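The values are calculated or read from the model by the stated rules, or taken from the named source; none is laboratory data. Computed from a predicted model, the values in this text were never measured in an experiment. All Cβ positions, even for glycine, are placed from backbone atoms using ideal geometry, and neighbour counts span all protein chains on display. Ligands, DNA and RNA are stripped out before the accessible areas are found, and what is left, the full protein with its side chains, is counted by its heavy atoms. Shrake-Rupley method; radii C 1.70, N 1.55, O 1.52, S 1.80 Å.
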Amino acid sequence: GTGLVTIDPGFGNTAACRSDITYIDGAAGILRYRGYPIEELAQQATFLEVCHLLLRGELPKPGQLDAFAAELTAQSALPEGFERVIDAFPSGTHPMITLAAAVNALAAFHTENADPTDDDQVERATIALLAQLPAIAARIHRTSAGLEPVATDSSLAYVENFLNMTFGKTEGEKGPDPLLAKAMDLLLTLHADHELNCSTSTVRVVGSSGATVFASVAAGINALSGPLHGGANQAVLEMLEQIQNTEGGIDTFIEQVKDRESKTRLMGFGHRVYKNFDPRSREIKKLAQEILNQPGANDPLFDLALQLEERALSDSYFVDRKLYPNVDFYTGVIYRALGFSTEMFTVLFALGRLPGWLAHWHELRKDPDTRIARPRQLYTGPAQRSVAARDNA
Ligand code: SDX
């Protein structure tokens, strides 16, 4: 458990650190949070239970869950004056830019909880961040859409409150549609942690210098924004729309991907670790079928995604490279059905991944062997030379 050092665990490649949080077997397509298979958590646990599991090591007992939920509800409103940070950005700003800046700025509004060496302050900062990120995300969504913000509603559960702050509710409605809330809850669970992916490694590297949890998570959000990582869920939707509007559709696109000069990638496919199906993608595809088979919910882009998957999985270019759908391939059509704009998709990924980032930050902070991350390089530059010699060159 460190920032990042190289340990050869004997299975052929180097591990950057030890961790008790998430286990992945990429060849077998296995993912477990604290030992629980993702398939079981997807069907039998809520996102808040998974947050408790990742942060405190165990699924909560009924009383513990209520207490955890109450802690978050009590902290769910944004700090006084904080809204100015979000509202300061010009319209059209990508939500991930605002999200990263807002999380970094939270440290200025939680000065009483910003000392990473103080256990109580770290605990309070963790709860505050987990409690307030939904309100930040919702306000970004509404501001981007030119809508009045909706305040947190302490009578609603965590995910329902987020959806209500995002979409509001019409007169007489108690809260969001239960099916949509269940879908959002499941998607957050499926994104909650994933070992040392790019953004989590970033959180650990920044945290290993002694930086605050706000600074570390803000760095993770920036890493997640890249199209090869969390930004892929937005890129998949844009890819599907491009295919839909291209003569020759899927066949033309697949040929473009195979033409290495084009540098075109089948977004939502491939994974550094999974060389088999991403178990999350299976759960998400099932959820997409459930949501989009609802009366009036059909989305031609989902049908296109299904055809694209079928086409790729029967093509040796993808099969030979062990390229399968990853977590991002089917999420976008669901987020669209829930009413989110494409630019918000990666913000939703961040909402889900937050408990994982926090769990890893806590793990490295509590590990007595933690040292500052300081990778070395293989130097390939010029040998020593002298400035004086420059004039004779
Ligand atoms: C996430 O790490 C995590 O756990 C991440 C994540 C998490 O939960 O945190 O799972 C979330 O980021 C999922 C990935 C989302 N990104 C995308 O969907 C973008 C498209 N995918 C790729 O760019 C790629 O597959 C990566 C970035 C995901 C993985 O990159 P790798 O392992 O470095 O793969 P590579 O670039 O070495 O490619 C190996 C071969 C190459 O071909 P050759 O040079 O051997 O001929 O496969 C090809 C690549 O060109 N390839 C693809 C491809 N991905 C790899 N070709 C077409 N389309 C693709 N998507």
Quick one: how many residues across region 315-324 are among the aromatic types (F, W, Y) and within 8 Å of the ligand (Cβ to nearest atom)? 2
For Q294, state whether it is more than 13 Å from the ligand (Cβ to nearest atom) and either part of a helix (DSSP H, G or I) or in contact (Cβ under 8 Å) with a residue 12 or more places away in the chain (or both). yes
Having 2 or more residues that are farther than 26 Å from A125 by Cβ and either away from the ligand (no atom under 14 Å from the Cβ) or touching a residue at least 40 places away in the same chain (Cβ under 8 Å) (or both) is the bar; report the helices (runs of 4 or more DSSP H) wholly within region 177-264 that clear it. 178-190, 232-244, 249-258
Kindly evaluate V327 against the criterion of being open to solvent by less than 40 Å² (accessible area, probe 1.4 Å), touching a residue at least 24 places away in the same chain (Cβ under 8 Å) and within 13 Å of the ligand (Cβ to nearest atom). yes
P62 vs (1) touching a residue at least 12 places away in the same chain (Cβ under 8 Å); (2) over 22 Å from the mean Cα position of the chain (by Cα): all pass except (1)
Of those in region 352-381 that are of a type in the set (K, R) and farther than 15 Å from V103 by Cβ, the residue farthest from the chain's Cα centre (by Cα) is R376
Out of E39, E112, E49, report the one residue that is out of contact with any His (no Cβ under 9 Å at 6 or more places or on another chain) and modelled with pLDDT under 95. E112
Open to solvent by 10 Å² or more (accessible area, probe 1.4 Å) and either within 16 Å of the ligand (Cβ to nearest atom) or modelled with pLDDT of 95 or more (or both): is that true of A145 in this structure? no
Suppose the filter is hydroxyl-bearing (S, T, Y) and either in a loop (DSSP other than H, G, I, E, B) or open to solvent by 70 Å² or more (accessible area, probe 1.4 Å) (or both); does T170 pass it? yes
Of all residues in region 297-308, which are more than 12 Å from the ligand (Cβ to nearest atom) and more than 18 Å from M184 (Cβ to Cβ)? N298, P300, L301, D303, L304, A305, L306, Q307
Single residue of E160, E112 found to be within 30 Å of P368 (Cα to Cα) and open to solvent by 30 Å² or more (accessible area, probe 1.4 Å): E112
Scan region 268-276 and tell me whether some residue there is more than 11 Å from the ligand (Cβ to nearest atom), open to solvent by 40 Å² or more (accessible area, probe 1.4 Å), without any contact (Cβ under 8 Å) to a residue 12 or more places away in the chain and at negative phi. no
So which of A312, A350 is within 13 Å of the ligand (Cβ to nearest atom) and either touching a His at 6+ places or on another chain (Cβ under 6 Å) or free of Cβ contacts under 8 Å to residues at least 60 places away in the same chain (or both)? A312
